[in-house]
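In what follows, a single structure is set out as structure tokens and then discussed.
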Amino acid sequence: MGARLAEMPIWRVTLKSFSRADKVLAFECLDRVGMLDYANTPTQLLSGGQQQRIAIARALAQKPKIIIADEPVSSLDPLTARSVLQTLKAAATDLNVAVLCSLHQVDLALEVSDRVVGLRDGRISLNMANQPNDQGMMQKIRSIYQQRAVHSDRDEPLQRHVA
């Protein structure tokens, strides 16, 4: 219910007297992300993936036009990360909510995004619609990472001093 507090009169918040509509919305959002069975489970008892799904449900309960997700799967194992991102994408698609998501896992970004924007040294180095099997985009992504590897050679003098 925390996601709806900003929309409630102070007396409802103080008395924890949530409207039926807010309760229904909360349960619908939990159900959408596959967490309805955990509605009364304290968050600290949930796994990382379950906590991320709860976070998505909370965001959806606010009825946003856009969700900004900063590294939403950085601490999750690959299978759970993929599942959480697919849940986010499905919910956003169904509810017509835009998602701006920062990821370091390029494979996941390509799997779930409609558009890929790559940053290098604080500048946009790639900004393309995600086309499955687009070899041009894959080549640009490879070149970004190859440039990074070339620039990392600057660390060599530091390594000589440390050794």
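Among the residues of the range 61-91, how many are touching a strand residue (DSSP E or B) at 6+ places or on another chain (Cβ under 8 Å) and part of a helix (DSSP H, G or I)? Number of matching residues: 3. Scanning the range 37-60 for residues that are in a loop (DSSP other than H, G, I, E, B) and farther than 20 Å from Val24 by Cα turns up Leu46, Ser47.
Between Leu100, Leu95, the distinction of being surrounded by 10 or more Cβ atoms within 10 Å (Cβ to Cβ), in contact with a strand residue (DSSP E or B) (Cβ under 8 Å, 6 or more places away or on another chain) and at pLDDT 80 or above belongs to Leu100 only. Residue pairs whose Cβ atoms lie under 9 Å apart, separated by 6 or more positions or on different chains, with the first residue in the range 131-146 and over 12 Å from Gly118 (Cβ atoms) and the second part of a helix (DSSP H, G or I) and modelled with pLDDT under 80, are Gln131/Met137.
Tell me, yes or no, whether the range 70-79 has at least one residue that is at negative phi, of a type in the set (Gly, Ala, Ser), under 10 Å from the mean Cα position of the chain (by Cα) and at pLDDT below 95. Looking through the range 70-79, at least one residue is at negative phi, of a type in the set (Gly, Ala, Ser), under 10 Å from the mean Cα position of the chain (by Cα) and at pLDDT below 95. If you go through the range 103-141 and keep only what is of a type in the set (Asp, Glu), surrounded by 13 or more Cβ atoms within 10 Å (Cβ to Cβ) and modelled with pLDDT of 85 or more, you end up with just Glu111. Being of a type in the set (Ser, Thr, Tyr) and either surrounded by 13 or more Cβ atoms within 10 Å (Cβ to Cβ) or touching a residue at least 60 places away in the same chain (Cβ under 8 Å) (or both) is a description that does not apply to Ser75.
From the list Lys89, Lys63, Lys16, exactly one residue is farther than 21 Å from Val117 by Cβ, at pLDDT 90 or above and basic (Lys, Arg). Which is it?
Lys63
The set of residues in the range 29-71 that are of a type in the set (D, E, K, R), loosely packed, with under 15 Cβ neighbours inside 10 Å and within 15 Å of Ala92 (Cβ to Cβ) comprises Lys63, Lys65.
The values are calculated or read from the model by the stated rules, or taken from the named source; none is laboratory data. These numbers were taken from a predicted model, which means no experiment stands behind them. In this analysis, Cβ positions are derived from the backbone assuming ideal geometry, glycine residues included, and neighbour counts consider all displayed protein chains.
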